[in-house]
Structures are given as structure tokens and as C-alpha cells.
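Notes to accompany the following structure.
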Amino acid sequence: MNHEKVGSARAANYDLLRAISCVSVVLIHVSAIYVGDNFRGLIGNREFLAASCLRVLCQMSVPCFVMLSGAFLLRRKENADVRMFYIKSAGKIGIPILVFSIMYVAFRYIENLLGRSFKEDWDFDIYAPLLDWLKGEPHGAMWYMYMIIPLYLITPFLVILKSSIARKNWNILAGIMMVYSILVAYTCSLSWILEFAQWIGYFMMGNVISESAGEEHGLKLFRHPMLCVVMSYTILFLYWLTHTYRTMRLSGPGFLSPVNVVASLILFGGFSNLKINGNRLISMISRHSFYIYLLHPFMCEALMQIFGRVLKWLPPVWLIPLYTLCMVAVCILVKSIIDHCINRMRSG
């Protein structure tokens with residue numbers, strides 16, 4: 001969810017991919033209410049299949065976010081300045097992650113108080129929110145934020161390494177790290193402080209693919225963006241068809257499963273070669289993607305509590321996209337209000 005620029009202007013194609021990935025992440029968490037075991041009895045099989053299909057098709061969102069970060073951060077030689085990069089990153093992602101972590105811990109305690117009011121056998125461990133925070137998960141959705149912290153920490157050293165070796169060797173190393181990432185994901189269970197090791201491959205491949213965009217020696221498939229988009233989503237749809245539709249049990253490909261890796265790399269390659277004009281709405285969603293990610297879990301939790309636990313009724317599944325877009329809009333509005341208040345305080 002990095003907001004750096006390529007060259008002198010934001011690339012419209014990556015703005016679009018970031019906006020799509022941002023909306024997809026929100027959709028994953030909204031659809032989780034419909035496909036989770038807690039409320040499975042509140043919806044029929046058709047609703048479950050529709051929600052699970054949407055969820056599986058959005059599995060490329062997080063890998064694309066990581067590749068976007070790699071595309072922008074590893075391109076800029078000035079990021080080799082460790083001190084300056086750390087200072088800049090602390091203000092951009094460090095402080096917001098700390099503030100929202102505190103808010104999510106407080107939210108879980110408030111949620112506990114409310115939970116006791118409508119469920120007599122409500123079970124709650126008073127130390128759990130604090131322990132989860134120490135494990136890098138003050139909220140389930142925050143795992144990503146704690147994963148990218150170490151990625152940012154190693155960024156200057158990757159930039160230095162990249163500048164010291166031939167481009168061909170850098171590309172080969174990125175491919176090796178992608179395979180390494182898959183192996184780590186399938187063979188190890190890592191704490192949050194080490195979880196970034198699973199994402200180094202995507203991080204480096206984002207840079208490799210973005211810098212090879214438009215070049216003659218680049219992969220020919222990537223020169224056909226729309227074909228790449230169709231192929232990547234078709235791969236995930238076929239996965240849903242064979243793993244969820246046939247079994248009626250949610251089985252989404254992991255972010256680092258070979259199926260999702262292939263689909264994500266194809267999608268990112270297609271968008272890297274896509275030539276489009278900028279769009280104000282897309283640019284706004286892209287620009288606010290970091291805070292949309294931080295804010296939307298509050299609303300997802302509210303939906304889950306109100307519909308799932310209080311009303312014991314879930315709205316029609318076709319409303320999932322509408323809820324998703326409404327959440328994105330509310331998050332942008334909240335962030336704009338916060339920015340306005342901060343600016344007024346600074347000027348006053």
C-alpha cells in the first residue's frame with residue numbers, strides 16, 4: 001500500500017491495480033461474514049457459493065499490494081539511505097500502525113462489554129487482546145501491517161544489493177526468492193516478526209516485472225493486459241469450481257499457494273503493461289488505500305455483530321459489493337475529516 005511515485009507522476013495503471021486490490025481486500029472481509037462457520041446456518045447454499053466465489057476471486061489483492069510496494073520502493077536509489085528511509089517510513093506507516101493497534105485493542109474490550117449484554121455464555125480472555133497485539137495481531141486484518149514493517153526495514157539493503165549486481169542476476173535472485181517464499185509458506189509457521197520472509201519474493205518480483213514492462217525481452221503474455229486479467233481471474237475461478245463448489249466447503253488458495261502466485265504474477269504483469277489515462281476517483285481510492293485498510297475492519301466488525309449476533313439474519317448476498325463500496329467511501333470520508341482537523345490544528 002505504498003504511495004511512492006514512479007518517475008515524476010503517479011502511474012495510472014498501478015493506481016487502478018491498487019484501487020482494485022484495496023476494494024478486493026475489503027470485499028474479502030465483508031464476505032467472511034457469509035462464509036465463516038459462525039453464521040453458516042443463516043444463509044443457504046446458493047448464498048454461500050456466491051460469497052465464497054467473490055472471496056476466492058479476491059485472493060490476488062494482498063500479493064498485488066506487496067508487489068506494488070516492491071515496484072515503487074526498490075526502484076528509487078535514494079531509498080538506500082537507511083536513516084532517511086527509516087525516518088520517512090516511521091511517519092508514513094509506523095505511527096499510524098501504532099495508533100490503530102491501540103484503537104483495535106480498545107475496540108476488543110468494548111466489544112466484550114457489549115457481547116455480555118446479548119449473550120449470557122459470552123467467553124472472553126481479558127489478556128487476549130494484549131497478547132494478540134504482542135503477536136502482531138491486535139486485529140485479524142492487522143497482520144498485513146505488522147508483516148510489512150520488517151519488509152520496510154530490509155528495503156534499503158535490497159536497494160543497495162540491487163545497485164551492486166547486474167540486472168540479470170537481480171532478476172534471477174527475485175525468481176529464486178519467489179520459490180523460497182512458497183517453500184517457507186508451506187514448511188514453516190513463523191511469528192509476525194519473521195512472517196515477512198514469506199513475502200520477499202513478491203516484493204522483489206514487483207520490482208522486476210515493473211521495470212521490464214514495455215521492453216522487447218519481456219514476457220510476451222504481459223504485453224496483452226486484458227488477456228492477463230482474464231487468465232488470472234479464470235485460474236482462481238477454476239480453483240473455486242474444483243475446491244469449493246464441489247465440496248460446499250470454503251477452500252480459497254493461500255496467498256502463497258502456487259495457483260495464487262501464478263495468477264497474481266500474471267495479473268501484475270498485465271497491469272504493468274496497461275496504458276490508461278488517470279481517473280480522479282481511482283486516484284482517490286488508491287491514495288487512501290492505506291487508511292482504507294486500517295479503518296474498514298471496524299465496520300466489518302460492526303456488521304458482524306449487528307447482523308450475525310444480534311439480529312441473527314444476514315442481508316442478501318448480492319449486497320456484498322454494495323457494502324464494500326460503501327465502506328470504502330466512508331473510510332475515505334473519515335480520513336478526509338481527520339486530515340481537515342489536523343490541518344486546522346496546525347494552521348491555528
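For the structure I just gave you, tell me whether LEU250 is open to solvent by 40 Å² or more (accessible area, probe 1.4 Å), over 24 Å from ALA11 (Cβ atoms) and aliphatic (A, V, I, L, M). Spell out how you get there, then give the answer.
Values: open to solvent by 40 Å² or more (accessible area, probe 1.4 Å): yes; over 24 Å from ALA11 (Cβ atoms): yes; aliphatic (A, V, I, L, M): yes.
Criteria met by LEU250.
A quick yes/no check of all residues on (1) of a type in the set (A, V, I, L, M, F, W, C); (2) within 29 Å of LEU16 (Cα to Cα); (3) at pLDDT 85 or above:
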position	(1), (2), (3)
TYR291	no, yes, yes
HIS296	no, yes, yes
LEU303	yes, yes, yes
LEU311	yes, no, no
PRO315	no, no, yes
ILE332	yes, yes, yes
ILE337	yes, yes, yes
ILE342	yes, yes, no
GLY348	no, no, no
Identify, please: which residue in the stretch 57-91 is under 17 Å from PHE157 (Cα atoms) and of a type in the set (S, T, N, Q) and is, among those, surrounded by the fewest Cβ atoms within 10 Å (Cβ to Cβ)?
SER89
Residue check: is GLY94 surrounded by fewer than 18 Cβ atoms within 10 Å (Cβ to Cβ) and part of a helix (DSSP H, G or I)?
yes
For residues that are without any contact (Cβ under 8 Å) to a residue 60 or more places away in the chain and either within 21 Å of ALA19 (Cα to Cα) or not in a helix (DSSP H, G or I) (or both), tally how many sit in the stretch 236-250.
3
Criterion violated by VAL159 - all others in (1) over 30 Å from ILE306 (Cβ atoms); (2) among the β-branched types (Val, Ile, Thr); (3) out of contact with any Asp or Glu (no Cβ under 9 Å at 6 or more places or on another chain); (4) part of a helix (DSSP H, G or I) satisfied:
(3)
Residues of the stretch 8-43 being open to solvent by 30 Å² or more (accessible area, probe 1.4 Å), under 21 Å from TYR323 (Cβ atoms) and not acidic (Asp, Glu), which ones?
ILE20, VAL23, HIS29, ALA32, ASN38, ARG40, GLY41, LEU42
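Can you name the residue in the stretch 209-231 that is among the charged types (D, E, K, R) and free of Cβ contacts under 8 Å to residues at least 24 places away in the same chain and, of all such residues, is surrounded by the most Cβ atoms within 10 Å (Cβ to Cβ)?
Within the stretch 209-231, the match that is surrounded by the most Cβ atoms within 10 Å (Cβ to Cβ) is GLU215.
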I need every pair where a residue in the stretch 272-292 that is more than 22 Å from TYR144 (Cα to Cα) has its Cβ under 7 Å from the Cβ of a residue that is aromatic (Phe, Trp, Tyr), sequence separation at least 6 or different chains.
SER272/PHE222; ASN273/PHE222
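The values are calculated or read from the model by the stated rules, or taken from the named source; none is laboratory data. Note that the structure is predicted; figures quoted are calculated from it, not measured. All Cβ positions, glycine included, derive from the backbone under ideal geometry; neighbour counts span all protein chains shown. Remember, those area values only see protein heavy atoms, side chains included, never the ligands or the DNA or RNA. Shrake-Rupley method; radii C 1.70, N 1.55, O 1.52, S 1.80 Å.
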